[in-house]
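Contents: one structure, followed by commentary.
The values are calculated or read from the model by the stated rules, or taken from the named source; none is laboratory data. A quick note: this is a predicted structure, and the numbers were derived from the prediction, not measured. No Cβ is skipped: glycine too gets one built from the backbone with ideal geometry, and neighbour counts run over all protein chains shown.
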Amino acid sequence: MPQLRLGTRGSPLALTQAHMVRDALCARHRMSPDDIEIVVVRTTGDKVQDRALAEIGGKALWTKELDRALLNEEIDFAVHSMKDVETIRPVDIAIAAMLERADVRDRIIGAESVETLPQNARFGTSSPRRAAQLRYLRPDLSILLFRGNVDTRLAKLAAGEADATMLAAAGLERLKRPDIGRPVPIDTMLPAPAQGAVGIECRAEDAAMRDLLAAIDHAPTSRCVRAERALLAALGADCHSPVAALATESGSSVQMRAMLYATDGSERVAGDASAGIGDTGFAGALARDLLNRAPPAIRSLFAG
C-alpha cells in the first residue's frame, strides 16, 4: 500500500519529472518506489489546446487542479515545471524543494539558428517571451500559435504548419531526446524565469512532508529560481508579460540578468544585478531599475 501520493499532470514530460522526484526521494530516504503512488491530475491547460494560455487563465491552468487535489488531501505533494507556476501561490501551499536545474536554454527546431531562418519564415510558439524575443531579433518573422506537448508541437512542425519552433532544452533532455534541434545561445535568447527547474509543492502545514522534501532540495537551484520569481513578483509580471531572466551563483555571490520586451518586439530594456548569497532584496532593486528605464510600451505590460 503506497504511503505517499504524488500529483502530476499527465503529459509525458510531467510523468518523467514525477518519476525523477520519486526516484530522488527513494534514493535519499531508502524508500521503495511502491511507497509512492503517482496520481495523474488532468489540468485545464492540458484540455484546451487551441488558444493561447494568456487568453484562458494563464499559468493557473497548469496548477489549479493540482492545488485543489493537494488542499483536499487527495494527494500529499505535487510536481511542477517551475516556469509554469504562477508567481503568487496560495498561502496554504509551500514550494518545498527543487531538483537540480537542467539546461536553461531553448532549442530551435527547423533551422540551424535564429539568424539562418529564411526571410518571412513562419515560427510557431505559444510563449509571449519567445515571440517578443524573436520579433526583436527578426521583425520579418510571422509568429503563429503553437500549443501542446512536445510530440504535438513536433507533429505540427512536420505537417508544415510552421517552418520552425522552439522547445526547452531541459524538457527534451528529460524525454531522452537531446539531439532534437539546436541550442540557442543565452546571449541570443535569455530564457524564461525558472526555466529548466522542477519544483515540488506540499501543504504548508504538513511539516513532516516539508522535511521529507527538503532533503532532496538542490539549494543553489532553489536560491536562483526563487530570485527569478522574486523579480517577477516585483515587476508585477503575468502570463502576458514578455520577460526573460536568469540567476546564477558563483562563489559567494548570485548574479541575475533580465530583459523586458514590448509585445511586438519593437523595444527592449535589459539590466543585471548581483548580491551576496542570501540577499533577498536585489531582485526587487533590479525590477525597479528596469521599470524606471523602460519605455511606455514595455512599462504598461507590468504592474510593478
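Determine whether residue 289 is among the charged types (D, E, K, R), at pLDDT below 95 and more than 22 Å from the chain's Cα centre (by Cα).
Judged against the criteria, residue 289 is not a match.
Which of the residues spanning the stretch 233-258 are over 20 Å from residue 87 (Cα atoms) and touching a Gly at 6+ places or on another chain (Cβ under 7 Å)?
Of everything in the stretch 233-258, those that are over 20 Å from residue 87 (Cα atoms) and touching a Gly at 6+ places or on another chain (Cβ under 7 Å) turn out to be 252, 253.
Could you list, in sequence order, all residues of the stretch 155-172 that are out of contact with any strand residue (DSSP E or B) (no Cβ under 7 Å at 6 or more places or on another chain) and among the aliphatic types (A, V, I, L, M)?
155, 158, 159, 170
Any residue in the stretch 81-89 that is assigned to a strand (DSSP E or B) and either touching a strand residue (DSSP E or B) at 6+ places or on another chain (Cβ under 7 Å) or not aliphatic (A, V, I, L, M) (or both)?
yes
Do we find that residue 121 is modelled with pLDDT of 95 or more, on the phi < 0 side of the Ramachandran plot and either buried (at least 22 other Cβ atoms within 10 Å of the Cβ) or charged (D, E, K, R) (or both) in this structure?
no
Inside the stretch 193-243, can you point out the residues that are crowded, with 24+ Cβ neighbours inside 10 Å and either β-branched (Val, Ile, Thr) or within 17 Å of residue 103 (Cα to Cα) (or both)?
Matches in the stretch 193-243: 193, 194, 195, 196, 197, 198, 199, 200, 224, 225, 228, 243.
Go through the stretch 227-266 and give me each residue that's part of a loop (DSSP other than H, G, I, E, B) and in contact (Cβ under 8 Å) with a residue 40 or more places away in the chain.
236, 237, 238, 239, 240, 241, 242, 262, 263, 264, 265, 266
When you check residue 175 against the structure, is it of a type outside the set (Val, Ile, Thr) and out of contact with any strand residue (DSSP E or B) (no Cβ under 8 Å at 6 or more places or on another chain), yes or no?
Yes: the conditions hold for residue 175.
Which condition number in (1) among the acidic types (Asp, Glu); (2) modelled with pLDDT under 95; (3) assigned by TED's automatic domain parsing to the domain that holds residue 76 is the one that residue 205 fails?
Evaluating residue 205 over (1) among the acidic types (Asp, Glu); (2) modelled with pLDDT under 95; (3) assigned by TED's automatic domain parsing to the domain that holds residue 76 leaves (2) as the failure.
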